[in-house]
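The values are calculated or read from the model by the stated rules, or taken from the named source; none is laboratory data. Only a predicted model underlies this, so the values are computations on that prediction, with no experimental measurement involved. Cβ sites come from the backbone with ideal geometry, for glycine too, and all protein chains shown count toward neighbours.
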Amino acid sequence: MQRITSFFRFCRGRAKLKRRAAAMGFMNHHHQTAISSGQEGIKTVGVDNHNLCDFSSNSDLCICIVTWNMNGKVSYEDLAELVGSSRKFDLLVVGLQEVPRDNILRLLQAALEETHIVLGKAIMQSLQLYVFGPKNSDLLVKVELQVDKHSVGGFGGLIRRKKGAVAIRINYKGFRMVFITCHLSAHASKVEERNCQCKHISHSLFSKNWNPYAKPAHITVWLGDLNYRIQGIDTHPARNLIQKDLHGTLTSNDQLLQEAERGHIFNGYCEGTLTFKPTYKYNVGSSKYDTSYKVRVPAWTDRILFKIEDAKKINATLRFYESMDDIYSSDHKPVKAHLCLKLNKLLSA
């Protein structure tokens, strides 16, 4: 615990030095190196919704992925809306942050009772991850699954806002997959702290039982409230652009994409185009952005990213990447993705 605390003190100290250097007109050396070395950053991929997935012939595995910061409130109706009524997917992955003390799994199981059952769960107080598979499938007896969690400190209040990540590693239908849901530090100024948390989580998860001879995951998926913000623009100009459906112009101000482009985080990951409006912060019970005295700049805090270990062996098609604007009980809108995977015939098990 002392080592982890020292690590994040280092992160905070480094962030202060970086801001001071920026104010004096100096560029961070790591930033220069990352740009000159040609880092991949996050690859933005389009959504292929013209050729609708028929759930059988086009793909070997279909995954529905949902992330939602619940803000400590829930209803069965919201969760039923979250998982949807059309279940054209093999696996359903649900990552939740700021989960209330209610039995969320019981509510999810009730909503999915006719089609899917829980394969695995990873829980760290208000941070929770669930993977569901098809009911009555012969494949379920062959599922290999491990879970892990990693705290980065920082929680409080009645809803226990735990920060960190929980993860599930699963082998299903010949695909080795890792799903990670996280809740990182808040506030626009904490960019360097979030970067440090991402790196530390990546290095720490499943490290206790690390096998140097184990094959790497075919695909890794990060989902959650990453808390990266929009910067370099004030709230009212940003809201005017969103109101005019010009929010796509704000992606150049998105901290997550900026930091990835600089080579600091998520190198080689993919994300769908941000065609939906920023998912935070809304007035609870409405689709109006924050009208409190803080009048926060809207931001895409809630994201789903994925990385294919070898694109020559696995073809990944993103069929859907959207926010769920009809859910009003939180100050965040959920985000949902539909990802289809197809194995190359030359890929060995």
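Observations, loosely collected:
- Asp90 being closer than 19 Å to Ile168 by Cα and of a type in the set (Asp, Glu): yes
- Residues considered: Ile104, Ile117, Ile65. Of these, the only one that is at negative phi and within 16 Å of the chain's Cα centre (by Cα) is Ile65.
- Residue match in the range 79-88 (condition: at pLDDT below 95 and acidic (Asp, Glu)): no
- The set of residues in the range 216-233 being under 21 Å from Lys333 (Cα atoms) and either out of contact with any helix residue (DSSP H, G or I) (no Cβ under 8 Å at 6 or more places or on another chain) or of a type outside the set (D, E, K, R) (or both) consists of Val221, Trp222, Leu223, Gly224, Asp225, Leu226, Asn227, Tyr228, Ile230, Gln231.
- Condition met for Leu274 (crowded, with 19+ Cβ neighbours inside 10 Å and under 30 Å from Gly174 (Cβ atoms)): no
- In the range 212-255, the qualifying residues are those that are at negative phi and acidic (Asp, Glu), and the one that is surrounded by the fewest Cβ atoms within 10 Å (Cβ to Cβ) is Asp234.
- Number of the exception - Lys162 against (1) buried (at least 17 other Cβ atoms within 10 Å of the Cβ); (2) not in a loop (DSSP other than H, G, I, E, B): (2)
So that you can scan it fast, the table gives a plain yes or no per residue for (1) surrounded by fewer than 23 Cβ atoms within 10 Å (Cβ to Cβ); (2) assigned to a loop (DSSP other than H, G, I, E, B); (3) not aliphatic (A, V, I, L, M):
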| position | (1), (2), (3) |
| --- | --- |
| Glu77 | yes, no, yes |
| Arg101 | yes, yes, yes |
| Leu107 | yes, no, no |
| Tyr130 | no, no, yes |
| Leu145 | yes, no, no |
| Val166 | no, no, no |
| Cys182 | no, no, yes |
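- The condition of being more than 25 Å from Leu127 (Cβ to Cβ) and modelled with pLDDT under 95 holds for Gly248.
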